[in-house]
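Report on the following structure.
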Amino acid sequence: MSAPQAGPSPLTRALTPVGRLFGLGVDIVRQAFRPPFQLREYIEQTWFVTKVSALPTALFTIPFGATIALLLAELTRQFGAQSQTGAGSVLAIVQQAAPIVTALLISGAGGSAVCADLGARTIREEIAAMEVLGISPIQRLVVPRVLAMATTAVVLNGLATVVGVAGGYFFNVIIQGGTPGAYIASFSAIAQVSDIVVSEVKAALFGFTAGIVAAYRGLNPPPGAKGVGDAVNQSVVISFVLVFLINLVLTALYLELVPPKGI
């Protein structure tokens, strides 16, 4: 009598979804350049994600920017460097707060909707039917949604930057009695075009990552209607974790590779 075969190790079970997620990302990139491109679906999804994410992003960025401005104003006052409040708060909003806020709202609002849509199609076996008919669900459904989330993230990052900077300026100058000229001059002295560029690159990568995670969980939900809800929750949590990890790596690379202004 043969001995029972051992199942996969815990490490293998843990890394298998990671490999499948990475494989899906590679497949999405490859299918994005293969005609025909689903332009109408892309436009509809971009409008939908923007519609559900724009207002929450703006509203969430106002207190975020105000909190950063208030904290930095207090810290710079203690060190006698009140004139540098503008530089610190605006750079923090542009490089960190705006893309992260955008990514979190894109993941929570747009990503959950994408995951729920694909999950419902999966349990109704629409995805399997498309594959039987020779239609690629990745090219037809996933690519437009992922690209729509990346595009929307870039646009909303600009909105979040403007709203966050305006909120920080208002609370520092109006509420705390700061000097408008010093606030703007300190930012202009150390700001670079690369600060905006890296912010937009972060936003695009965050949106793309959130789209891949939402698509993966939507295409691989647990069985049943409850499984779709569980998949949506998992996609949001995984997206949040990946966003912060990617932000750490990109920030470290940016600070290492791009010298400060004047150096």
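Here are the numbers:
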read-out: Length released on extending from V237 to T67, taking residue separation times 0.36 nm less the Cα-Cα span; value: 58.8 nm
read-out: Helical contribution to [θ] at 222 nm, DSSP H n ≥ 4, -39,500 (n - 2.57), averaged over the chain, rounded to 500; value: -25500 deg cm²/dmol
read-out: Cα-based shape type of the stretch 186-263, given that a ≥ b ≥ c are square roots of the gyration tensor eigenvalues and the cut on a/c is 1.5; value: prolate
read-out: Among G229, G108, G19: highest mean-square fluctuation, GNM of the chain, C-alpha pairs under 10 Å; value: G19
read-out: Using θ = phi - 60° and Karplus 6.51 cos²θ - 1.76 cosθ + 1.60, couplings along the stretch 93-104 (whole Hz; Gly, Pro as x); value: 5, 5, 7, 10, 5, 4, x, 5, 4, 4, 5, 5
read-out: Accessible surface of the chain, 1.4 Å probe, proportion on carbon and sulfur as whole %; value: 72
read-out: The stretch 112-263, relative contact order in percent, only Cα pairs under 8 angstrom and at least six apart counted; value: 40
read-out: HN-Hα J in Hz across the stretch 225-231 - Karplus 6.51, -1.76, 1.60, θ = phi - 60°, x for Gly and Pro; value: 5, 4, x, 5, x, 5, 5
read-out: Where trypsin sites (Lys or Arg not before Pro) in DSSP loops with at most 15 other Cβ within 10 Å are excluded, longest remaining stretch of the chain; value: 125-260
read-out: Translational D in µm²/s for the stretch 22-77 (Stokes-Einstein at 10 °C, 1.306 mPa s, Kirkwood Rh from C-alpha pairs); value: 106
read-out: Overall dimensions of the stretch 60-165 by Cα: Rg and Dmax, Å; value: 20.5, 70
read-out: With at most 11 other Cβ atoms within 10 Å, longest stretch of the chain clear of loop chymotrypsin sites (Phe, Trp or Tyr not before Pro) (DSSP); value: 80-263
read-out: Highest-MSF residue in the chain out of P222, P35, P99 [GNM, Cα springs under 10 Å]; value: P35
read-out: Computed Kirkwood radius, in angstrom, where 1/r is averaged over Cα pairs of the stretch 134-263; value: 17.6
read-out: Cα-based convex hull, the chain, per residue volume (Å³, whole number); value: 181
read-out: Neighbourhood net charge (14 Å Cβ-Cβ; Lys/Arg +1, Asp/Glu -1) for T102; value: 0
read-out: The chain: relative contact order in percent, alpha carbon pairs under 8 Å with at least 6 residues between; value: 30
read-out: Projected label distance in nm at V197 and L133, using a 7 Å step from Cα toward the beta-carbon; value: 4.5
read-out: Coil-residue GluC sites (Glu not before Pro) of the stretch 33-141, DSSP, other Cβ within 10 Å capped at 14; value: E125
read-out: GNM result for the chain, Cα springs below 10 Å: residue of G25, G167, G224 fluctuating most strongly; value: G224
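The values are calculated or read from the model by the stated rules, or taken from the named source; none is laboratory data. Quantities reported herein were computed from a predicted structural model and do not represent experimental measurements. Here Cβ is always computed from backbone atoms with ideal geometry, including for glycine, and neighbour counts include all displayed protein chains. Protein only, heavy atoms only, side chains kept; ligands, DNA and RNA dropped before computing areas. Shrake-Rupley method; radii C 1.70, N 1.55, O 1.52, S 1.80 Å.
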